[in-house]
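Below: one structure, written as structure tokens.
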Amino acid sequence: MLKENLQELQQHETPFYVYDLELLRQTLQAAQQEASRYNFHVHYAMKANANAPVLAEVLGVGFGADCVSGNEVRRAIENGFSPEHVVFAGVGKSDAEINYALEQDIFCFNCESSHELEILNELAEKKGRKARIALRINPNVNAKTHKYITTGLEENKFGINAWELESVLELLKQLPHIELIGIHFHIGSQITDLTVFKNLCTRVNEFQEWFEAHNVRLEHLNVGGGLGVDYYHPEQQPVPDFASYFSLFNQFLEVRPGQQVHFELGRALVAQCGALVSKVLYIKKGITTNFAILDAGMTELIRPALYQSYHKIENLTAAPSEEVRYDVVGPICESSDCFGKAVMLPETRRGDLIALHTAGAYGEVMASQYNLRDKAIAIYLNQ
Ligand code: LLP
């Protein structure tokens, strides 16, 4: 795909992010089609990528927005999402963020602690409003993914633990400016083993029964996001298997009549449509390996340094030749600034364009200005 657009790519200063909006549309449409079979609602997890052209496509298929900061709530609303389709999660919402979301009268706050409920009640009272909330419950389900992106275990900071629920229900009786409308879960990200979601459904069903036994009717079940993508073969399955994902929830989640089911997908919707494109600055010969030193580094894409994550590396411009082993590194003064060790590439030279694939999610949004680096620009194909 990128090779077909080389001429266009070569016109831009590197490093830059490139997004294929046609692939994004196909992905969003596939997700929308599969979710709508069961009348499921999807809120796009904006933290994955909040660029305006991406949000416009998300809006185009009618998804809502899942936000984790006041600025994300603002960005969603400024880009056309209706507040009634905005949910707001996070363990540490500031007063200013809560106030803004209250003013906008968003659909739902996903609340993560008793203390947060008390503060939200106080702030809503001051504004003469009632905040709709879902309790984010920590279901203690192992997501079997990288420990930094596992969120649904009791050892993690996220959500309210099962043993606290009794006291939370008692507390809610004293908080008149809060309306409990549902329960929320998110157990982790880049989940590729679908049985993990089956385990989540089992836990959600148990929690539902617990709430019913306590005479609480829940209008909404929000099961979060987490569906993973194939970083190793981005071209083989660019559109994730949404059919299996949503049908699994349809099969195993016990949905009561009239109840609405919500999802918060991020990565699965936007990862494959984006790549980071960089230029080779230098080739440095080592003893056992050669270094290909790029003009992009961990400041543009931090995932390999932070999670040891794999992104497929492709030389877009080298002539076909026998492959040589390279450690592909960035210019930042950190040894962790390495995109891949012992990567097999055709003979690579200064000036070659290198793509780091599957960077549409948690790429540009996690960029930093460390070393006073400039921010990489974004370009869009098939606009
Ligand atoms: N809902 C909540 C409450 C979340 O915390 C997240 C992601 C999502 C939904 C979306 O999850 P997704 O469908 O994208 O897996 N920076 C890491 C990923 C962190 C994910 C944080 N929460 C990475 O680069 O892998």
Inset, instruction - May I ask you to give the average projected area over all directions of the convex hull of the Cα atoms of the range 5-109, in nm² rounded to one decimal? - result: 8.2
Inset, instruction - Relative to the longest principal axis of the C-alpha atoms of the chain, give the angle of the C-alpha long axis of helix 195-213, reported between 0 and 90° and rounded to the nearest 10°. - result: 20
Legend entry - Approximate shape of the chain as ellipsoid semi-axes (Cα gyration tensor, √5λ), whole Å, largest first: 41, 21, 20
Inset, instruction - Quick one: check the C-alpha center-to-center distance for the range 288-338 versus the range 199-275, whole angstrom. - result: 34
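Mind giving me the FRET efficiency for residue 126 and residue 71? R0 is 30 Å, r the Cβ-Cβ distance, nearest 0.05 is fine.
Numbers: r = 22 Å, r/R0 = 0.73.
Approximately 0.85, to the nearest 0.05.
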Inset, instruction - Could you work out which residue, out of 196, 328, 204, moves most in a Gaussian network model of the chain, that is, has the largest mean-square fluctuation with Cα springs under 10 Å? - result: 196
Legend entry - chymotrypsin sites (Phe, Trp or Tyr not before Pro) restricted to DSSP loop in the range 1-81 with at most 15 other C-beta within 10 Å: 38
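About the Cα centre, and with charges only on the beta carbon of Lys, Arg (+1) and Asp, Glu (-1), how big is the dipole of the chain? Nearest 20 debye, please. Don't jump to the answer; show the numbers that get you there.
Numbers: 33 positive and 48 negative charges, 83 e Å.
Its charge dipole is roughly 400 debye.
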Legend entry - residue 288 versus residue 321: modelled label distance in nm, points set 7 Å from Cα along the beta carbon direction: 2.4
Legend entry - Helix axis angle, 242-252 relative to the chain longest principal axis, alpha carbon, degrees: 30
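If you average the sequence gap of Cα pairs under 8 Å that are 6 or more apart and divide by the length of the chain, what percent do you get for the contact order?
Working: 818 pairs, mean separation 77.2, N = 383.
The value is 20 percent.
At R0 = 56 Å, how high is the FRET efficiency between residue 173 and residue 237 if r is their beta carbon distance? Nearest 0.05 is fine.
Details: r = 49 Å, r/R0 = 0.87.
Rounded to the nearest 0.05, the efficiency is 0.70.
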Legend entry - For the chain, built as a Gaussian network whose Cα springs stay under 10 Å, the top-fluctuating residue of 305, 367, 213: 213
Inset, instruction - Could you pull out the GluC sites (Glu not before Pro) across the range 265-369 that fall in loop regions by DSSP (anything but H, G, I, E, B) with no more than 16 other Cβ atoms inside 10 Å? - result: 322, 334, 347
Legend entry - Other-chain or far-sequence residues with amide H under 5 Å of residue 362's (modelled H): 49
Legend entry - Fully extended contour minus Cα-Cα distance, from residue 4 to residue 52, at 0.36 nm per residue: 14.8 nm
Inset, instruction - Considering only lysines 8 or more places apart in sequence, or on different chains, count the pairs in the range 21-270 whose C-alpha atoms sit under 21 Å apart. - result: 14
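Over the chain, average the accessible area per residue using a 1.4 Å probe and give it in Å², no decimals.
Details: 16900 Å² over 383 residues.
About 44 Å² of surface per residue is accessible.
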Inset, instruction - Return the calculated 222 nm mean residue ellipticity for the chain, to the nearest 500 deg cm²/dmol, obtained by summing -39500 (n - 2.57) across DSSP H runs with n ≥ 4 and dividing by the residue count. - result: -8500 deg cm²/dmol
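The values are calculated or read from the model by the stated rules, or taken from the named source; none is laboratory data. Every value quoted in this text rests on a predicted model; they were computed, and no experiment measured them. Don't worry about glycine lacking a Cβ; one is built from the backbone with ideal geometry, like all the others, and counts go over all protein chains shown. Note: accessible area is taken over every heavy atom of the protein model, side chains too, but ligands, DNA and RNA are not part of it. Shrake-Rupley method; radii C 1.70, N 1.55, O 1.52, S 1.80 Å.
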